[in-house]
Structure formats: C-alpha cells, structure tokens
C-alpha cells in the first residue's frame, strides 16, 4: 500500500497495538502530526516534552505496555533526554520518535538540529537514525521488539523530515531479524538446580527482589516459592509491590533507607538470592561488607548484571517466568521439610517486630509520614501511587502498603525530581479505572507543574499530596547529618508558592491542610472531588528519613535517630 | 592482563561510536582498536586490545554483547592466533647511515617506501614484539615520527 513515511509511522504504531501516545509538535514533526490528524490514535498533548517522556514511562510502568512519545528535533528531542535516561535506568519499555532536520542538511548545524542518536546512545537500549523511508516499518518493528523483550528499555527512532514526506510501499514486517540480539528466555536447568541445592542446604536463606519480578510478570511464581519454602523477602525500591509488602515474610525495603530487619537480614543470611535486581549502591552500601556471611545467587535476564557490582557464586540467566517455576520444580525434588536448622524465621520476625519504621507523632504539626499513613488508611491501600524524588518518596516506600506489582510508579535509578506528575498522568491514562495518587514535595512538583494543565484538560482524577515543607528536604537532611547543618540553598525563600492558587490557576482543585486534624478531612474531600486535586499539606520542615545507612557504609551501620 | 577481543559487528554507521562510547563511559582501557571489512560486506571485524583483569574483561564482553549491532565476541587471547600490525616509521638517515638502516630493514623484512635527503620512511608488518624490536634498533638513528595501525588478529587452523 502506498503511503507517506509519516502515515507509515502511524500505521506501524497501530500494527504494534499502540492506542495512546504522548507528544509535543514542532517544525520537523508537522508531517507526522498531519498524519495523526486523520488517525484514530489517541494523542495526549503534554505541556513540555519532558512531560511526554515521563508520561509514556508512567503509562508503561502502570500497564506493562510500551510507552510511546513524540518530539520534534533539537530542543524537543533534548527535552526528552531526562525521561529517556530515567526509563533506561529503571528498564522501562519505551519508543521515542523524534523529528530530525532533512537528510540533506544533517551535520550543517541547521536550525533546531541536535545529534540525538549520538546524545542518547548511552541512555537507550538502542537507537536509529532513519536514512531511507522504506526502512521505516522494519525499524519501528525492531524498535518495539527491542524495547519490550529481554531486559526492557527505551529505544529512540530519529526521523528526518523528508523521510516523513517520502512515499513508500508500506508493508509491515511479520518478524524481526536481528543477528546481534537474542535475549535468553529459557536458560540452563543446571544453573537452576545449583540454586535449588543451595536453598535446600541453607539455614538462613533470603530472597532479595527488584523491579524485574514485577516487570517479568513473575509475581505469582515468586510468591509460591516464598510461601512453600518459607523464605523471608527483602526488596529494593523498584521491587515494592511485586508481592504484598504486608506479607508476613516480607521484611521491607533494604538499603540506605531500608528497614532494620531487612538490612540485618542481609548481614546475617547465609544465602542471598537476588531476583531481578542490579545490586545498586543505594541497596548494597559498602560492597565489601554486603552479605558478608552469604553465598550469593543471582537470577536475571541480563547477563551483564551478574558480577557487575556484587560477586555472585551462582547465577541463572533467563526470564523469571521460566527460572522461578523451574526453581520451584527443582526444589520440590530435593527440599526436605524441617531440614533447616536455627529458627531463622523467628529471628527475622523478631527484628521486624522490634524495629518497625516509625516517626515521632505530633498533634500540632503535620508529619509527612502521618499524611502517607492516612492516604493508605482512607484508600484502603488500593491505589496506584506515583511519587517524585526526595524524602516523600522514601516515606511513601516505608509507610504505604503496596499489594500488587505496577502500583508504585517511582523514579528509582535516576532519581528524577519532576517525574511524578507526568508519570501519574501516564499511569492514570493507562489505568483509567484505578485510583491514582501522587505523593510529591514542593520542590519536585514545581519541576513539571505545567503538566497540571494536561491533567485538567483530560479531567484525570489524580489526587496529589504535596508534602510542602518549603525546603528541599532530602538535601537538607544530608546537610544536617553530614555537613554541619550548613543549609546551603535548600530553603525556598518568602514562604514559597501558594499551591492552592497554582492548582486553581490551571483549573484544578486546590485544598490545604495546616494541622494534623485537617488531614483526614482534606484527603476525604479530595477523594470525593472529581478531576485532579492538589492537596497542600503544610508539613514539618525538620523531619528526617530514618533509618538511614550513610552512603558507602555497611548495612549494619544504621542511624535510627537524629537530634 | 592484555586481552585481544575479536568482535564481529554489523557494518553500519555509528557502531564505532557506540563501542568507543561504551569503553569510555564504563572506564575500560582500550589499548588499540582496529575496525575493517571482512569477507562478508554486511559485517565488520573489530580487533580490540583491552587491558584488565578477568572481572573487567567479563564485564567488557557482556556490555559489548548488549549492543544490538554486536554479533559475536571471541576472546582470542589464549587461542593460537596470528597477530599483526603495520607500522610506518620515518628515521633520520643521511648517506653515512643509510646503508646500515637498509640492513636492519632486511633483518626485519621491512621495506623502505620513501626516501629523502635526510630521512627514510620504513614500512614493516609483524606482531607487537617484532615491531617493538625494530623500533628499538632504529631508535639510535633518530626516529622522527611513526604511525601504527594497531593489532588485527585471526585464530589459526582450519574453519
């Protein structure tokens, strides 16, 4: 069928089952937007390209589908960069289509030209500069295949303007042929058997889960292993929700702001099985003292993660949907009930009971942790929760119960302030029947507050809790603990912004809570109100995220109190 | 330890940037990198000499494999292989030393490819040891400049 390159892009997206895209038009993508004008593809116009990238990311995390965003050349494309890097760090499947100046003027420093394939090479799973219009269908097919298979990640397709306007014979390829790309789904059963053997022999086994478990859709397989073989679980930030954080075997988040029980368990276990994790420095602390008594096993789809940060004795490369059931089958043959000595479960349960995450409650001033507890109570914990980055993010991880995978939408690896609102928009559009909450801070919300307009335009019923302490709390906490309370540039002067008025200026609802007594009523009111609601919680400005293991310290060096 | 990686990649623009960028951002040391055509016009062969312990080489190999356009990687350090590089050296030479330099060239099976009143340009091929030995021998005459291609390698035997 004859069509233009732009029409071929739209047709290819539809062949891939895409029904929603995020974007922002500009000079070099006008032909693409012209083709969109005639199509049934739903396009969400964000108010900044960064918003489009984060929204596509939030949509992908909430649905498991590939998020798609469009931007024009030059500044449009460079505005996607943070969103692409964010998706890359957290292995989120995304396809970003960028306009480029026409082929004949590439390399001439043309108006709005930027070398986007060069710029994004280190932060994409792969990228393409399309040089022949007839290559478009194949390249888009490959882009989706690469984005969603193996370890997912973002792929950029850079399309010069004249490619969009060239007429081609459109035929969508049936299959992908890439000689250099063949992710392993099913690995070696001998590797699985070795891990099963180690589990059967261990007295103090510990599962450490990350984002890979939910991403692989392997939560149920994992839960079966936990319950059948009674193995306690710790989780990275990205792994929260893979199984319910309220599960009796779940010890909570591990690492810098992890629970005492989770960090102690790492120090004491004799077998640590990492599943869909990458042993990030925020988890391990001092590598030399990470899991010092343990044999370490690692199950992952990406072979390059094995031995990257932590030396592993055993590894299973393959999709968790294959390896976890295989591990269970292998264990079933050799596991002897009651063989495990020592009362490990009792030990970790005692740590969990002795040192829950806690905070000093107050009747006078709103504690941010209290707000999160109330959000959990009043929603029954049934929500998709997006966060921004900073103290509120850690408190959300600590105090909100996550029951299902894909219910915590948070920037784990890159730690991107400004991610939350556009990501919540993407999540809400992907899960229109779910309640979507955004927990954010006054620092973070301002970084992409223009997207309030997008939420209002589409009447997205996102309920936003702004932990407004008028300071950049996480940096301030480090200044307090490690920089002699020299609070350099972490306070927003002049009382900051009026977030109620800000919301109202965009046509959203704004509510304010100034005392702890206001909190439940404000949340209840927000939940009843249609459309986007922004709750300005005037919280304490001298609150610390605790417990805390200082950066680069071993996990048993836990600070539980700060004066 | 020095490792030689023979890497088959798609013959597409940008692959060199991807490989070089990967080494730079992950802090691996490239000693030399040579890329060129193969018998198959669709693929190129990169011969990369990289310095590092087993742990680093494991990571280098795995990270390279993640590049979509990398098809095959062989660490041929331990294998029985032929390693060659080519060098062009300009050495100071006048009428009194030219004869001796020509003798040295003969010993190393090198050839003189350019001649001027006060210098000669020598072309030589061989493995790293031979090239180093030749340079050492020529040094007393005064090496004006040289250019080396870096190593290309191939495993011996029938395939």
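The values are calculated or read from the model by the stated rules, or taken from the named source; none is laboratory data. These numbers were taken from a predicted model, which means no experiment stands behind them. Counting neighbours? That spans all protein chains shown, and the Cβs are built from the backbone with ideal geometry, glycine included.
Selection over region A:77-102 of residues that are closer than 17 Å to residue A:47 by Cα and either out of contact with any strand residue (DSSP E or B) (no Cβ under 7 Å at 6 or more places or on another chain) or not assigned by TED's automatic domain parsing to the domain that holds residue A:57 (or both) gives a count of 4. Just so you know, in region A:396-421 the residues that are touching a strand residue (DSSP E or B) at 6+ places or on another chain (Cβ under 8 Å) and assigned to a helix (DSSP H, G or I) include one that is surrounded by the fewest Cβ atoms within 10 Å (Cβ to Cβ), and it is A:398.
Inside region A:50-76, residues that are touching a strand residue (DSSP E or B) at 6+ places or on another chain (Cβ under 7 Å), outside any strand (DSSP E or B) and within 26 Å of residue A:211 (Cβ to Cβ) make up a count of 11. Every residue in region B:19-43 that is within 12 Å of chain A (Cβ to nearest Cβ) and surrounded by 17 or more Cβ atoms within 10 Å (Cβ to Cβ), please. Of everything in region B:19-43, those that are within 12 Å of chain A (Cβ to nearest Cβ) and surrounded by 17 or more Cβ atoms within 10 Å (Cβ to Cβ) turn out to be B:19, B:22, B:23, B:43.
Inspect region B:72-83 for any residue being at pLDDT below 95 and within 11 Å of chain A (Cβ to nearest Cβ) and give the result as yes or no.
Within region B:72-83, the subset at pLDDT below 95 is B:74-83.
Then drop every residue that is not within 11 Å of chain A (Cβ to nearest Cβ), which leaves none.
Within region B:72-83 (the criterion being at pLDDT below 95 and within 11 Å of chain A (Cβ to nearest Cβ)), the answer is no, since none of the residues qualifies.
In this structure, does residue A:152 turn out to be in a helix (DSSP H, G or I), within 25 Å of residue A:87 (Cα to Cα) and away from every other protein chain (no Cβ under 12 Å)? No: the conditions fail for residue A:152. Criterion applied to A:23, A:17, A:27 was being surrounded by fewer than 16 Cβ atoms within 10 Å (Cβ to Cβ), within 23 Å of residue A:422 (Cα to Cα), modelled with pLDDT of 95 or more and assigned by TED's automatic domain parsing to the domain that holds residue A:97, and the one residue passing it is A:17.
If you check residue A:548 against the conditions, is it under 30 Å from residue A:289 (Cβ atoms), touching a helix residue (DSSP H, G or I) at 6+ places or on another chain (Cβ under 6 Å) and outside the structural domain of residue A:22 (by TED's automatic domain parsing)? Lay out the reasoning, then the answer.
Numbers: under 30 Å from residue A:289 (Cβ atoms): yes; touching a helix residue (DSSP H, G or I) at 6+ places or on another chain (Cβ under 6 Å): no; outside the structural domain of residue A:22 (by TED's automatic domain parsing): yes.
No: the conditions fail for residue A:548.
Would region A:243-251 turn up any residue that is closer than 21 Å to residue A:314 by Cα and in contact (Cβ under 8 Å) with a residue 12 or more places away in the chain? No, the conditions are met nowhere in region A:243-251. Can you pull out the residues in region A:103-130 that are exposed (fewer than 15 other Cβ atoms within 10 Å of the Cβ) and either touching a helix residue (DSSP H, G or I) at 6+ places or on another chain (Cβ under 9 Å) or in a strand (DSSP E or B) (or both)? Correct list: A:104, A:111, A:122.
The residue list A:261, A:304, A:216 contains one member that is in contact (Cβ under 8 Å) with a residue 24 or more places away in the chain and more than 19 Å from the chain's Cα centre (by Cα), which is A:261.
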